[in-house]
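Below is one structure, written out as structure tokens; comments come after it.
The values are calculated or read from the model by the stated rules, or taken from the named source; none is laboratory data. Note that the structure is a prediction, hence the values are computed from the model and not measured. With ideal geometry, Cβ positions are generated from the backbone for all residues, glycine too; neighbour counts draw on all protein chains shown.
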Amino acid sequence: MNEHARLNQAPIPFIDVAAQRRRLGRAIDDAVARVLTHCQFIMGPEVAALEKALADFCGARHAIGCASGTDALLLVLMAKGLGPGDAVFCPAFTFCATAEVVALLGATPVFVDVDERTFNMDAASLARAIPVAKRHGLRPAAVIPVDLFGQPADHDAVAPIAAGEKLFVLDDAAQAFGASYKGRKLGTLGLATATSFFPAKPLGCYGDGGAVFTDDDHLAEMVRSLRVHGQGGDKYDNVRIGVTGRLDTIQAAVLIEKLKIFPEEIVARERVARCYNTALADLAVVPQVAKDSTSVWAQYTIRLAPGRRDRLAADLKAVGVPTAIYYPKPLHRLAAYAGFPVADGGLPVTDRLAQEVISLPMHGYLDESTQDRIVAAVRQALAA
């Protein structure tokens, strides 16, 4: 095999965190070194600096850093006092953390179907799920729309249903921080927004991390207390039951530097998505962003018939092109969640998507030649 052919077969990273690390280089080294110098590893000055930068970025009144995206969801639900007898409406086509935090508090996740085009919560299914919760003797308390794969949910469709039932809205933007919905950045919709800084996320740190966004002063105060064992005036004045949910200082320092280049990376992700759509629209169902929304393209996900999907994954793996399936089993099909209620009419779109979706490499450092190689491999596999 000649050198050109050998390089052409080199494995492609699904998400190239290393390319971003090379770009940031000394900036990250210096940021971490500053923390190592002052040694304030827990709640050091970088945490407050990041929180201000995040709030300024999305326009929220408050940003509260925490230990993970899961903790971000959990802290909001804890602040609202959710527990046994409460129903929280969640899409079934998402990562388990969305429903996990509900069940951890003894409340009941009630699963809702999703829209076939956007993969996000279907408001009509939400409306059908509310009577189901009541028939189970539950009090409808909250709804958690998920901004899946980087695209905002249809918040204007969810909001009136939530208002009519006095549900508070917790936006799960773990995959979509940086996206906009009808001119508003995520972080400013609903009572609160939760996001994740897991390394694979569009804005990721070098470990676990997350944040809560809200314009509600009281909720922000509660979340800040709960993330440090329910502290009051100080950490030994515990006024409520809390958790260890803090964002550590080194991760905050890393995120400060990454946030500076985040807008440029969003533009690069959009370029990659447009190229994929143009190249693959005749062979697969490609993703489309809803009107008046933007996406940060946490994943680039196409749809194929189940048999074709499995063959494509195998063919691409053979030539060094990775794929992933988000999610092979929807939440209501997982053993841990199978006993929870689902909306009237079932979740047919969710079940179908779980059999059809497959994601291709997506990140802001996917150069044109590498993307051409991916597209060529996909086209060859699907044409076979």
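Condition first: aliphatic (A, V, I, L, M), assigned to a loop (DSSP other than H, G, I, E, B) and within 16 Å of Asn120 (Cα to Cα). Now tell me which residues in region 285-339 satisfy that. Val286, Val289, Ala290, Val296, Ala298 - these are the residues of region 285-339 that are aliphatic (A, V, I, L, M), assigned to a loop (DSSP other than H, G, I, E, B) and within 16 Å of Asn120 (Cα to Cα).
Scanning region 79-104 for residues being out of contact with any Cys (no Cβ under 6 Å at 6 or more places or on another chain), surrounded by 18 or more Cβ atoms within 10 Å (Cβ to Cβ) and either under 19 Å from Ala162 (Cβ atoms) or outside the structural domain of Phe168 (by TED's automatic domain parsing) (or both) gives a total of 13.
Looking at Val47, Val76, Val35, Val110, just one residue is more than 30 Å from Ile256 (Cβ to Cβ) and touching a residue at least 40 places away in the same chain (Cβ under 8 Å), and that residue is Val110.
Here Phe177 qualifies as in the same structural domain as Ile64 (by TED's automatic domain parsing), part of a loop (DSSP other than H, G, I, E, B), in contact (Cβ under 8 Å) with a residue 24 or more places away in the chain and under 20 Å from the mean Cα position of the chain (by Cα). The residues of region 340-371 that are assigned to a loop (DSSP other than H, G, I, E, B) and farther than 22 Å from Val102 by Cβ, listed by number, are Pro361, Met362, His363, Gly364, Tyr365, Leu366, Asp367.
Criterion applied to Ala162, Ala200 was being among the hydrophobic types (A, V, I, L, M, F, W, C), in contact with a Phe, Trp or Tyr (Cβ under 9 Å, 6 or more places away or on another chain), surrounded by fewer than 20 Cβ atoms within 10 Å (Cβ to Cβ) and touching a residue at least 12 places away in the same chain (Cβ under 8 Å), and the one residue passing it is Ala200. Here Ala53 passes the criteria (1) of a type in the set (A, V, I, L, M, F, W, C); (2) free of Cβ contacts under 8 Å to residues at least 60 places away in the same chain; (3) surrounded by 13 or more Cβ atoms within 10 Å (Cβ to Cβ) except the one numbered (2). No other residue among Leu138, Leu170 is farther than 15 Å from Pro330 by Cβ and surrounded by fewer than 24 Cβ atoms within 10 Å (Cβ to Cβ) apart from Leu138. Consider region 333-375 and keep the residues that are hydrophobic (A, V, I, L, M, F, W, C) and surrounded by fewer than 17 Cβ atoms within 10 Å (Cβ to Cβ). The one that is nearest to Arg135 (Cα to Cα) is Ala338.
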